[in-house]
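The values are calculated or read from the model by the stated rules, or taken from the named source; none is laboratory data. Remember, predicted model here, so these are calculated numbers, not experimental data. No Cβ is skipped: glycine too gets one built from the backbone with ideal geometry, and neighbour counts run over all protein chains shown.
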Amino acid sequence: MRSFNCILLGLFGIALSVQAQAQTYPAKPIRAIVSIAAGSVTDVIMRAAASELRAELGQPVIIENRGGAAGIPGGLACAQSAPDGYTICIIYHSTLSFNPLIFSKLPYDAETDFIPVARLFFLTEGVFVSSALGVGSVGDLKAKAQAAPGALNYATLGEGSYPDLFLKWLNNLWGTKIVGIPYKGGGPAAQALAANEVQLTRFGVGNFLGVIEAGKVKAVAVSAAKRSPLLPNVPTFAEVGWGNFPGQGWWGVAAPKGTPKDVVAKLNAAFVKVFSDPKFQGFLEKQAVVPAPTSPEEFAAFLKEDRKSAQALVDIAKLPRADYKPE
């Protein structure tokens, strides 16, 4: 009986400890692992959001970039972190939807190693070409790629990443042999395109506005349902015949499995408030993204549907499953 009472007291003590943690959380800075390189549009957005989140959470949010390899290093670093709310994951479509379909020996379980906190925004993406390539439209690009097999390079986020899947889909559609070259984020990819190290790519529009304005890069199509006000003369995917490409790029927040529900709720409330603020949404629109904050439950339901779109794209791209090999 005495041992049973001790066990009950121990469990009661743990419950009180968890409750106290939730009430005082956060009591120190929060690390946000962003699965993309510094300087990319998502990095810019999250650094701006970190300033707003500090006012909501009462503690600094420290951005830590872990780019490359289709978001796997960032996802793994977060999944292996303590589930105490002091490490959160800024993740995207590759991390939780595509990677489980593309890679064997993935070092994390996309369904069990993370707790959805909130979806944050959708990307407005575009296909961009180096001005040095001398093409002005998707039709011109297709003709150039078909005339010179293997001569054009395309920036990706690594094998199996969303840009890489689009490349495989495009090569299948056109019968071309455009070559994928991995980079760690949209910022590095934009600079590589501006320098003509690669000749084309697909990424979030916000990464490329500066190099477009400088005349070094040209946009030939955008993935939005209607033309972007930032690029009003650029046709949509539907207009150029790419309307059947499935899925849309997104970013969100997750936490390591085991993170207390009250902590997840506090994080969700802070992120939703920031990403729902009209002033911050105005900033997001200038970065060519569409704010779309959700509850944890809505994000979890969205992930189930997004994985169906991911499977459709993997099937279209005829992508064989590969063993993940750390860089």
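Within the group 154, 86, 108, which residue is within 22 Å of residue 203 (Cα to Cα) and of a type outside the set (Val, Ile, Thr)? Quick ask: steps written out before the conclusion?
Details: 86 fails: within 22 Å of residue 203 (Cα to Cα); 108 fails: within 22 Å of residue 203 (Cα to Cα).
The unique qualifying residue is 154.
Here's the yes/no breakdown for (1) buried (at least 24 other Cβ atoms within 10 Å of the Cβ); (2) within 15 Å of the chain's Cα centre (by Cα); (3) under 17 Å from residue 249 (Cβ atoms):
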site	(1), (2), (3)
36	yes, yes, yes
50	no, no, no
53	no, no, no
73	no, yes, no
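Scanning the stretch 150-161 for residues that are in contact with a Leu (Cβ under 8 Å, 6 or more places away or on another chain) and either surrounded by 22 or more Cβ atoms within 10 Å (Cβ to Cβ) or assigned to a helix (DSSP H, G or I) (or both) yields 154, 155, 156, 160. In this structure, residue 246 does not qualify as crowded, with 20+ Cβ neighbours inside 10 Å and within 30 Å of residue 78 (Cβ to Cβ). Yes or no: residue 258 surrounded by fewer than 22 Cβ atoms within 10 Å (Cβ to Cβ), closer than 30 Å to residue 227 by Cβ and either touching a residue at least 60 places away in the same chain (Cβ under 8 Å) or of a type in the set (D, E, K, R) (or both)? Against the criterion (surrounded by fewer than 22 Cβ atoms within 10 Å (Cβ to Cβ), closer than 30 Å to residue 227 by Cβ and either touching a residue at least 60 places away in the same chain (Cβ under 8 Å) or of a type in the set (D, E, K, R) (or both)), residue 258 does not qualify. With respect to being surrounded by fewer than 18 Cβ atoms within 10 Å (Cβ to Cβ) and either at pLDDT below 95 or part of a helix (DSSP H, G or I) (or both), residue 140 fits the description.
Scanning the stretch 162-184 turns up at least one residue that is under 24 Å from residue 307 (Cα atoms), hydroxyl-bearing (Ser, Thr, Tyr), in a helix (DSSP H, G or I) and in contact (Cβ under 8 Å) with a residue 12 or more places away in the chain.
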